[in-house]
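S.K.: Quick one: the structure is below, questions incoming.
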Amino acid sequence: QSELFPDFRDLQEDQAAFGRTADSRGATRLGNLAAAGHSYDILKRCFDLIGALGLLALLSPLMIFIAVAIRVSSPGSIVFKQRRLTKGGKVFTMFKFRTMKINAESDTGAVWASMADPRVTRVGRYLRMWRLDELPQLINVLRGEMSLIGPRPERPEIATNLSRDLPSFNHRLAVKAG
């Protein structure tokens, strides 16, 4: 009998079945879990593909409306491309609906947006408020660069500073960004 959420005590009792052994300090080491990890990766990828395709099909009318609203309200491209980090520190190009004026960081460089950021367009304020600017990231999920569930991908320039100030920041690069 398999369970979706097994009891923790059951997991402790079955450690040997998963190849776990205790070392001399009593710490638990993981044995060879390559087969289980590979199955998990396949299952997660299937979930990502089915989820992203379903969401794209369901939300495509809204995405078309957003694209028209961006085009009509301000000059520039509809989709914004930006370099981000994912699993293993790999750099990829992330897609978002453009919410800022063109060349918004030409004077400041890479900075996080503030609540009342003057660089944000009128339509962009609504997109950001409802997180609709992130819908094009479903394309990144289909391409295998992101997952539906995972840590927020950060920009390489900002990640460098964050990893210096927060030593555990790079742990997020152990899994695919989401």
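Only the coordinates and a few stated rules stand behind these numbers; no lab work does. Note that the coordinates shown come from a computational prediction; the quantities given were computed from them, not determined experimentally. Cβ: placed from backbone, ideal geometry, glycine included. Neighbour counts: every protein chain shown.
S.K.: Please list, in chain and number order, the residues 5+ apart from ALA177 or on another chain whose amide H is under 5 Å from its amide H, with Hs placed from the backbone.
M.R.: Amide H neighbours of ALA177: LYS87, SER147.
S.K.: Could you go through region 124-132 in sequence order and give the Karplus-derived ³J(HN,Hα) for each residue, using 6.51 cos²θ - 1.76 cosθ + 1.60 with θ = phi - 60°, rounded to whole Hz, and x for Gly and Pro?
M.R.: Going residue by residue, I get x, 4, 5, 4, 5, 4, 9, 6, 6 Hz, with x marking Gly and Pro.
S.K.: Read phi for every residue in region 135-147 and hand back ³J(HN,Hα) as whole Hz from Karplus 6.51 cos²θ - 1.76 cosθ + 1.60, θ = phi - 60°, with x for Gly and Pro.
M.R.: Per-residue couplings from phi come out as 4, x, 5, 4, 5, 4, 5, 4, 6, x, 8, 9, 10 Hz.
S.K.: Let me ask something additional. From the phi angles alone, apply the Karplus equation (6.51, -1.76, 1.60; θ = phi - 60°) to region 163-178 and give each ³J(HN,Hα) in whole Hz, x where the residue is Gly or Pro.
M.R.: Running phi through 6.51 cos²θ - 1.76 cosθ + 1.60 with θ = phi - 60° gives 5, 6, 7, 10, x, 8, 4, 5, 4, 5, 7, 7, 10, 5, 4, x Hz.
S.K.: Residues with amide H under 5 Å of THR99's amide H, sequence separation 5 or more or different chain, H placed in the peptide plane at 1.01 Å from N; which?
M.R.: Here the answer is none, since no amide H 5 or more places off falls under 5 Å of that of THR99.
S.K.: So if R0 is 25 Å, what FRET efficiency would GLN82 and ASP117 give, r being the distance between their Cβ atoms, rounded to the nearest 0.05?
M.R.: After rounding, the FRET efficiency stands at 0.95.
S.K.: Hey, can you grab everything whose amide H is under 5 Å from the amide H of GLU154? Only 5+ residues off in sequence or another chain; H modelled, so Pro and N-termini drop out.
M.R.: Counting only residues 5 or more places away or on other chains, the set is LEU85.
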